[in-house]
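Below is one structure, written out as structure tokens; the observations come after it.
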Amino acid sequence: MGPTGRVELEAAAEKLMADGTVATIRPSLRAGHKTLAAAFGPDGTPLAVGHYHPANGATEIGGIGTLPAARRQGLGSAVMAALAAHARDHGVRTVFLAYAQEAVARIYARLGFRPAGTALLIANQPARGQ
């Protein structure tokens, strides 16, 4: 929880537009190679988002994030469930998730995901978001 809301989101969006991130992702979205989902507030502010990018019948759902001011309402879980359902409805047979924190693993378990293996990151880098 925290006060981060629309003002901070707008500043982050401006930065992503300026550094070319949005321009880099836009072609994948338009071509249908990547799917985004979001939960919006009554004023149109995106409160929670996520995406998937399938390949050969499998996909990782990633980028799940919720504005701190909108947390603890189930929005991230709803976005994740919608992405998983959409992927399955569009031919994806294997949906997987990755996490760096046990609290996140518990959220995934509540949505019906179960551990099926472990991933090895071959790099001396912190997990994204840390």
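The values are calculated or read from the model by the stated rules, or taken from the named source; none is laboratory data. Please read these numbers as outputs of a predicted model, since none were measured by experiment. Because the Cβ atoms are built from the backbone with ideal geometry, glycine has one as well, and the counts that use them run over all protein chains shown. Note: accessible area is taken over every heavy atom of the protein model, side chains too, but ligands, DNA and RNA are not part of it. Shrake-Rupley method; radii C 1.70, N 1.55, O 1.52, S 1.80 Å.
Hey, any hits in the stretch 55-69 for a residue that's open to solvent by less than 40 Å² (accessible area, probe 1.4 Å), out of contact with any Lys or Arg (no Cβ under 7 Å at 6 or more places or on another chain) and in a loop (DSSP other than H, G, I, E, B)? Yes, that holds for at least one residue.
Here are some residues: HIS53, HIS33. Which one is in contact with a His (Cβ under 9 Å, 6 or more places away or on another chain) and closer than 20 Å to ALA119 by Cα? Going through HIS53, HIS33 in turn, just one is in contact with a His (Cβ under 9 Å, 6 or more places away or on another chain) and closer than 20 Å to ALA119 by Cα: HIS53.
If you scan the stretch 83-111, which residues turn out to be part of a helix (DSSP H, G or I) and either of a type in the set (A, V, I, L, M) or surrounded by 12 or more Cβ atoms within 10 Å (Cβ to Cβ) (or both)? Working first, answer last.
Taking the stretch 83-111 and keeping what is part of a helix (DSSP H, G or I), we get 83-89, 102-110.
LEU83, ALA84, ALA85, HIS86, ALA87, ARG88, ALA103, VAL104, ALA105, ILE107, TYR108, ALA109, listed by residue number.
Among residues of the stretch 16-54 being charged (D, E, K, R) and surrounded by 11 or more Cβ atoms within 10 Å (Cβ to Cβ), the one that is nearest to GLY5 (Cα to Cα) is ARG26.
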